[in-house]
Amino acid sequence: MSAPAFMTDPEQLRSLEGQQYLVLRPGGGVSELFSQTQRRVRGLMPAGSPHPNAGHVTLRGFWEPGRVAALRESIRGWAAAVAAIEVAVDRVDSFPAPFQVAILRLARTSSVVGACAGLTEHLGETDFARIGELPLDEWVFHMSLAYGSAVPSREWLEVASGLADLAVERPAVVVGELEFVWYDGGEHREVIPLGPTVSE
């Protein structure tokens with residue numbers, strides 16, 4: 001059975017058209033905690049609030065609708081030299097207005113920070129257009145739980161307070177592959193292994 005799509009809402013898909021993302025999809029205890037916490041978080045938010053269908057950690061976003069194949073090949077080359085990445089949960093948190101996103105904040109493990117630093121260095125030698133990129137020391141590693149941009153700011157403050165009160169365990173998993181996701185008339189995904197492939 002294939003992994004669930006990250007996004008299926010038609011409006012969200014339209015907003016992502018032409019974009020590409022490099023993501024981690026943690027399994028094990030992190031995935032289980034994501035599902036459990038998302039159900040709790042959705043109970044704090046207005047009915048119908050949009051949310052991702054699957055837990056994922058975005059490492060980078062791109063705007064290269066005409067060069068998807070070239071971008072994918074470049075990422076494959078970088079990934080071949082990257083060791084598996086540890087993903088560890090820190091706490092439930094949120095991004096303030098205007099974003100208003102409920103998140104699982106992740107720990108800044110040495111492997112995830114190192115991988116992102118190496119990715120930045122690799123992309124600096126290319127001319128691929130990146131979107132939403134911040135300096136590494138400002139980046140919050142996270143898994144989005146639900147999107148509340150349509151919630152009035154005063155109500156969001158109450159939601160954010162409730163999110164901060166949610167206690168969760170802090171599982172960690174090691175992820176040995178990336179997913180390259182692109183939006184072109186829908187969502188498409190390809191798995192890219194981390195580390196050198198073993199030749200037969």
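Below, the figures for the structure above:
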{"item": "Residues (within 16 Å of the chain's Cα centre (by Cα), surrounded by fewer than 16 Cβ atoms within 10 Å (Cβ to Cβ) and among the acidic types (Asp, Glu)) located in region 91-126", "result": "none"}
{"item": "Residues of region 32-67 satisfying the condition of being in a helix (DSSP H, G or I) and surrounded by 17 or more Cβ atoms within 10 Å (Cβ to Cβ)", "result": "Leu33, Phe34, Thr37, Gln38, Val41, Leu44"}
{"item": "Criterion violated by Arg154 - all others in (1) touching a residue at least 60 places away in the same chain (Cβ under 8 Å); (2) not in a loop (DSSP other than H, G, I, E, B) satisfied", "result": "(1)"}
{"item": "Restricting region 176-200 to residues that are modelled with pLDDT of 95 or more and hydrophobic (A, V, I, L, M, F, W, C), the residue that is surrounded by the most Cβ atoms within 10 Å (Cβ to Cβ)", "result": "Leu178"}
{"item": "Any hit, region 127-144, residues being within 19 Å of the chain's Cα centre (by Cα), on the phi > 0 side of the Ramachandran plot and either in contact (Cβ under 8 Å) with a residue 40 or more places away in the chain or part of a loop (DSSP other than H, G, I, E, B) (or both)", "result": "yes"}
{"item": "Matching residues in region 75-86 - criterion: being surrounded by fewer than 17 Cβ atoms within 10 Å (Cβ to Cβ), part of a helix (DSSP H, G or I) and under 20 Å from the mean Cα position of the chain (by Cα)", "result": "Arg76"}
{"item": "Filter result (over 19 Å from Ser110 (Cα atoms), assigned to a strand (DSSP E or B) and in contact (Cβ under 8 Å) with a residue 40 or more places away in the chain) within region 159-192", "result": "Glu179, Phe180, Val181, Trp182, Tyr183, Glu187, Arg189, Glu190, Ile192"}
{"item": "Condition met for Ser94 (assigned to a strand (DSSP E or B), more than 14 Å from Val181 (Cα to Cα) and touching a residue at least 40 places away in the same chain (Cβ under 8 Å))", "result": "yes"}
{"item": "All positions within region 158-175 that are exposed (fewer than 13 other Cβ atoms within 10 Å of the Cβ) and not charged (D, E, K, R)", "result": "Ser161, Ala164, Ala167"}
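The values are calculated or read from the model by the stated rules, or taken from the named source; none is laboratory data. Given the structure is predicted, the values throughout are model-derived calculations rather than measurements. Neighbour counts run over all protein chains shown; Cβ positions are idealised from the backbone, glycine included.
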